[in-house]
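Chemist: Just passing along the structure, written as structure tokens.
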Amino acid sequence: MFTKSLVSSAILALAATVALAGCQTKVVSESDAQPPNTVSARGTGTALGAPDQAEMSFGLTVNRKDARSALADASAAAKKVAAAVKKAGIPADDIQTQNVSVYPQYSSEGKDRPPTVTGYSANISVRVRMRDIEKIGAVITAATDAGATEISGPSFSLSEDAPVAAEAIEKAVSDARRRANAMAEAAGKAVGEVLSISEAAVTAPPVYGDYYGRSAAADVPIEPGQIDVTAQVVVVFELK
């Protein structure tokens, strides 16, 4: 009799387990639940800032019969460019050598013959940061007079973007509230206090000029314009 009762209990327990598995019951904790009576909105805001610094790159290419001579002469020419930029008022800490390259030049002597090396080209660029954008024209002139033949930039940016970013964030929060109000009104509700707010992104991309490969003079027109600083936020409001 005891054995039959034990078997019956086991069968009932197994049946209950199968039934629960079929229902796929999930226990939801309070932290997993969506806060009741809330509305979430994403806002975007943009503020303008006047750039106060810029970067430019000055390069040159030297062609010689052998790689050693090409690199040596390119290095000497790059030193002249760097020295001229320093003389124009740029400190050594804001001058950086970059993009040093040496590559062979080929000439094809016929359809059935492989190309042959006829010489080597060496290229060196000098990157310059100008913390006073009023010096850009003078720096361009100094670099080209010293032998730079490849000019890239200027790239304008903000040395300190915190005040402009704060203005952009304030506008983004206002935009989020407008969107939340629209959703709340559509649902016959009203927006209450801010329950949470998070920053999605704040970007201040540099503004680029278009002076690549141009000859330069002291009267190069420099128009820094304005830089757009954009902020995105996500705000959760009380819904009344």
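Chemist: Please report, ordered by residue number, the strands (runs of 3 or more DSSP E) entirely within region 37-117 with at least 2 residues that are touching a residue at least 60 places away in the same chain (Cβ under 8 Å), within 28 Å of the chain's Cα centre (by Cα) and surrounded by 14 or more Cβ atoms within 10 Å (Cβ to Cβ). Reasoning before the result, please.
Modeler: On the way: elements: 38-49, 53-64, 95-107.
The strands (runs of 3 or more DSSP E) meeting that bar are 38-49, 53-64.
Chemist: Looking at Leu195, Leu158, can you tell me which residue is modelled with pLDDT of 90 or more and surrounded by fewer than 18 Cβ atoms within 10 Å (Cβ to Cβ)?
Modeler: Numbers: Leu158 fails: surrounded by fewer than 18 Cβ atoms within 10 Å (Cβ to Cβ).
After ruling out the rest, the residue left standing is Leu195.
Chemist: Let me ask you something else. Just to be sure before I move on: is Ile136 in contact (Cβ under 8 Å) with a residue 12 or more places away in the chain and surrounded by 18 or more Cβ atoms within 10 Å (Cβ to Cβ) in the structure I sent?
Modeler: On the way: in contact (Cβ under 8 Å) with a residue 12 or more places away in the chain: yes; surrounded by 18 or more Cβ atoms within 10 Å (Cβ to Cβ): yes.
Spelling it out, Ile136 is indeed in contact (Cβ under 8 Å) with a residue 12 or more places away in the chain and surrounded by 18 or more Cβ atoms within 10 Å (Cβ to Cβ).
Chemist: With (1) modelled with pLDDT of 90 or more; (2) surrounded by 14 or more Cβ atoms within 10 Å (Cβ to Cβ) as the list, and Pro224 as the residue in question, which single condition is left unmet?
Modeler: If we test Pro224 against (1) modelled with pLDDT of 90 or more; (2) surrounded by 14 or more Cβ atoms within 10 Å (Cβ to Cβ), just (1) comes out false.
Chemist: When you look at Asn181, is it free of Cβ contacts under 8 Å to residues at least 60 places away in the same chain and surrounded by 15 or more Cβ atoms within 10 Å (Cβ to Cβ), yes or no?
Modeler: Working: free of Cβ contacts under 8 Å to residues at least 60 places away in the same chain: yes; surrounded by 15 or more Cβ atoms within 10 Å (Cβ to Cβ): yes.
Spelling it out, Asn181 is indeed free of Cβ contacts under 8 Å to residues at least 60 places away in the same chain and surrounded by 15 or more Cβ atoms within 10 Å (Cβ to Cβ).
The values are calculated or read from the model by the stated rules, or taken from the named source; none is laboratory data. Because the structure is predicted, anything quoted here is derived from the model rather than measured. Every residue, glycine as well, gets a Cβ built from its backbone with ideal geometry; the counts of neighbours run over all protein chains shown.
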